[in-house]
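Below is one structure, written out as structure tokens; comments come after it.
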Amino acid sequence: MKQAKTSILIVEDDAQISEFLQLSLQSQGYATSIATHLHMAKAIFFDTKPDLVILDLGLPDGDGRQFIHKVRQQSDIPILVLSARQMEQEKVDCFSDGADDYLAKPFGVHELLARVKVALKRSAMMSLRDHVVHLDALVIDRENQVVSLNDEVVHLTPIELKLLLLLARKPGKAYSHRQLLTEVWGAEYVDDTHYLRIHMGRLRARLEVNSATPRYILTEAGVGYRLASI
Ligand code: CA
């Protein structure tokens, strides 16, 4: 029996872009569907359960960010945001909402296809590996909350452990300063980025061979931090 194709939902109101995306993705063997507005995107999402979403933010009946919230209420599938608005804050907000990747328009087709491939691969590995994340010598057992490096248990402070477990929810995905501070310290600490810097520094000191060129905990410029993927 032929295996079902990986399906991608394209949410984009610009017909020229959505058709171009559709052709490019189909040429790589993906099945695609197109939604031209939010309402339609929600209907198709619940109907077809796609494997990945490519999402434009400026839609006729609302902001694409609303759709990110909707999807995240029930699914971990990769969401790749496309946006013409080149605003740093918007990028940060999208990551906070739960987007996996962000591509500014205009983008090249090769770049887009590469990002799609990486996101799908990451998502497949996450479901395979379940609760244990392996990255070279680093093993993060999320279920038992145990971290080991070169087969030796690493002793972390409760805050360091919380930070690492949060990043390990989705290796490769950037988490914003705001999100990390809110989840680890609480909403009232949302502006205390120096706490984050200090504790990330200590975490790196425990895990990295060289904190200046980290292998595991990477800085996402202007956004926050992410755990390396693969
Ligand atoms: Ca648009």
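The values are calculated or read from the model by the stated rules, or taken from the named source; none is laboratory data. This is a predicted model, so every value here is computed, not measured. Here Cβ is always computed from backbone atoms with ideal geometry, including for glycine, and neighbour counts include all displayed protein chains. To get the accessible areas, we keep the full protein, side chains included, count just its heavy atoms, and leave off ligands, DNA and RNA. Shrake-Rupley method; radii C 1.70, N 1.55, O 1.52, S 1.80 Å.
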Residue list for the range 37-53, restricted to those being crowded, with 16+ Cβ neighbours inside 10 Å, farther than 24 Å from ALA114 by Cα and away from the ligand (no atom under 12 Å from the Cβ): MET40, LYS42, ILE44
Checking SER96 against (1) open to solvent by less than 90 Å² (accessible area, probe 1.4 Å); (2) within 15 Å of the ligand (Cβ to nearest atom): exactly one of these is not met. Which one? (2)
Do you know which residues across the range 130-140 are part of a loop (DSSP other than H, G, I, E, B) and open to solvent by 60 Å² or more (accessible area, probe 1.4 Å)? ASP130, HIS131, ASP136
Consider only pairs whose beta carbons are under 9 Å apart and that are at least six residues apart or on different chains; among these, list those whose first residue lies in the range 201-214 and is open to solvent by 40 Å² or more (accessible area, probe 1.4 Å) and whose second residue is of a type in the set (D, E, K, R). ARG202/GLU160; ARG206/GLU160; VAL209/ARG215; SER211/ARG204
Test: residue in the range 76-83 that is small (Gly, Ala, Ser), assigned by TED's automatic domain parsing to the domain that holds ALA31 and in contact (Cβ under 8 Å) with a residue 60 or more places away in the chain: no
Quickly run through the range 8-36 and pick out the residues that are of a type in the set (Gly, Ala, Ser), surrounded by 17 or more Cβ atoms within 10 Å (Cβ to Cβ) and either more than 16 Å from the ligand (Cβ to nearest atom) or under 17 Å from ILE68 (Cα atoms) (or both). SER33, ALA35
The range 78-129, subset assigned to a strand (DSSP E or B) and within 13 Å of the chain's Cα centre (by Cα), residue farthest from GLU12 (Cα to Cα): ASP101
Note on the range 141-174: residues open to solvent by 30 Å² or more (accessible area, probe 1.4 Å), in contact with a helix residue (DSSP H, G or I) (Cβ under 7 Å, 6 or more places away or on another chain) and of a type in the set (Val, Ile, Thr) are ILE159
Restricting the range 54-77 to residues that are in contact with an Asp or Glu (Cβ under 9 Å, 6 or more places away or on another chain) and assigned to a strand (DSSP E or B), the one surrounded by the most Cβ atoms within 10 Å (Cβ to Cβ) turns out to be ILE54
Count of residues meeting criterion [within 22 Å of VAL147 (Cα to Cα) and not basic (Lys, Arg)] in the range 183-208: 13
In this structure, is ASP63 over 24 Å from TYR225 (Cα atoms), within 16 Å of the ligand (Cβ to nearest atom) and either modelled with pLDDT of 90 or more or over 18 Å from the mean Cα position of the chain (by Cα) (or both)? yes
